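Single-structure report; data block below.
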Amino acid sequence: MDARAIQQLLFKKIKEQLPEHLSLADELSGLLGLSADSVYRRIRGEKPVDLDELQKICRHYQLSLDGLLQLNSEAVLFQAPGVGNGNIPFARHMEGMLAQFRYFNSFKKREIFYLCKDTPFWYFFLFPAMACFKTFFWMRTINNEPELQQQKFSLETFPAEECRKTGWLLLEEHSKIEATELWNLESIHSSINQVAYYRDAGIFRERKDLLAVVDDFIQMLDHLQMQAERGITFMPGDSHLKPHTSLQFYVNELILGNNTVLLKLDDQQMSMITYSVFNYISTRDERFTAKAFGTFNTLLSRSTLISRSGEKERIRFFNTLRDKVNELRH
């Protein structure tokens, strides 16, 4: 492949990343500080892109030169939001996730596929007591935020209003995306263990706080079961007349993978993998994403679909989860 063809391929890949309403020329003009005419000459391959411009483009759009030049390399370029900013406040992490979902919804066609080693992050914000507890846990125990280290959890003193509001907005954005989720009986275990640890370590200020979190945990499972029964995602209190997006809910009781989010956005694909509990890395590398989708589809073929159909399996699955959560009361 000659240099002109590679340059045209570069701009083709960037175009695929952009929602339909955004102009490639306008985006590049702002990024590179060039006139529209200069940008069009580069897009058509009439003017070579220099190394400084190439660096800006690849950094901004998270493009791998290995993949672009079709080198025989196993290197994959990932984006890791916030990795260079030290220990960012959890509220900022939430805002970053919300911005990501709004970006996803800027595409005309969008689908999300979740391999759930743990319960998807956003569902914890369906109900207030669970939202407050998970926010407190992530801030105190995982993010190690100093102001919470000597505090006990109390719904009265820790309403987590900012994160709850952002979490609700995140849920609303998620409900606009067609979803396929692959669960396991272990998908709620980490959250059960977190509640049990705080209970046994005396970090709940009062027993009523523990019971409120357990009640909301059960309500969350009830809501997820209703979503699976109806085969759609929706918000608590939504009217049946409101347009909703489809949900395919699968259960695999044998294989427990890692938390992986895969996306189809118009004609492109994207992979996101969680690390350090609630952080994530993402890539559009075609080789990596193709392999991730292949593994996900293989797991689906060995799983049971319990959305809409599969009533017996659906009831059994969620009853088993509720039994596990109810043990936290003792």
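Applying a threshold of 6 Å to beta carbon distances and a minimum spacing of six or more residues, or different chains, the list of pairs starting in region 244-266 at a residue that is closer than 21 Å to Thr304 by Cα and ending at one that is open to solvent by less than 20 Å² (accessible area, probe 1.4 Å) and acidic (Asp, Glu) reads Phe249/Glu181.
Pairs meeting the criteria (first residue in region 48-59 and more than 13 Å from Ile6 (Cβ to Cβ), second residue of a type in the set (A, V, I, L, M), beta carbons under 7 Å, at least 6 apart or on different chains) are Glu53/Leu32; Lys56/Leu31; Lys56/Leu32.
The set of residues from region 1-43 being among the basic types (Lys, Arg) and closer than 22 Å to Asn105 by Cα comprises Lys12, Lys13, Lys15.
Regarding region 130-144, can at least one residue be identified that is surrounded by fewer than 16 Cβ atoms within 10 Å (Cβ to Cβ), more than 27 Å from Phe318 (Cβ to Cβ) and either touching a strand residue (DSSP E or B) at 6+ places or on another chain (Cβ under 7 Å) or free of Cβ contacts under 8 Å to residues at least 12 places away in the same chain (or both)? No, region 130-144 contains no residue that is surrounded by fewer than 16 Cβ atoms within 10 Å (Cβ to Cβ), more than 27 Å from Phe318 (Cβ to Cβ) and either touching a strand residue (DSSP E or B) at 6+ places or on another chain (Cβ under 7 Å) or free of Cβ contacts under 8 Å to residues at least 12 places away in the same chain (or both). Within region 24-47, is there a residue that is closer than 30 Å to Arg102 by Cα, touching an Asp or Glu at 6+ places or on another chain (Cβ under 8 Å), modelled with pLDDT under 85 and open to solvent by less than 50 Å² (accessible area, probe 1.4 Å)? The answer is no, given that none of the residues of region 24-47 is closer than 30 Å to Arg102 by Cα, touching an Asp or Glu at 6+ places or on another chain (Cβ under 8 Å), modelled with pLDDT under 85 and open to solvent by less than 50 Å² (accessible area, probe 1.4 Å).
For region 305-330, the set of residues classified as more than 23 Å from the chain's Cα centre (by Cα) and under 21 Å from Ile232 (Cβ atoms) consists of Arg308, Ser309, Gly310, Glu311, Lys312, Glu313, Arg314, Ile315, Phe317, listed by residue number.
The values are calculated or read from the model by the stated rules, or taken from the named source; none is laboratory data. Note that the structure is a prediction, hence the values are computed from the model and not measured. Neighbour counts run over all protein chains shown; Cβ positions are idealised from the backbone, glycine included. Surface accessibility is based on the protein's heavy atoms, side chains included, excluding ligands, DNA and RNA. Shrake-Rupley method; radii C 1.70, N 1.55, O 1.52, S 1.80 Å.
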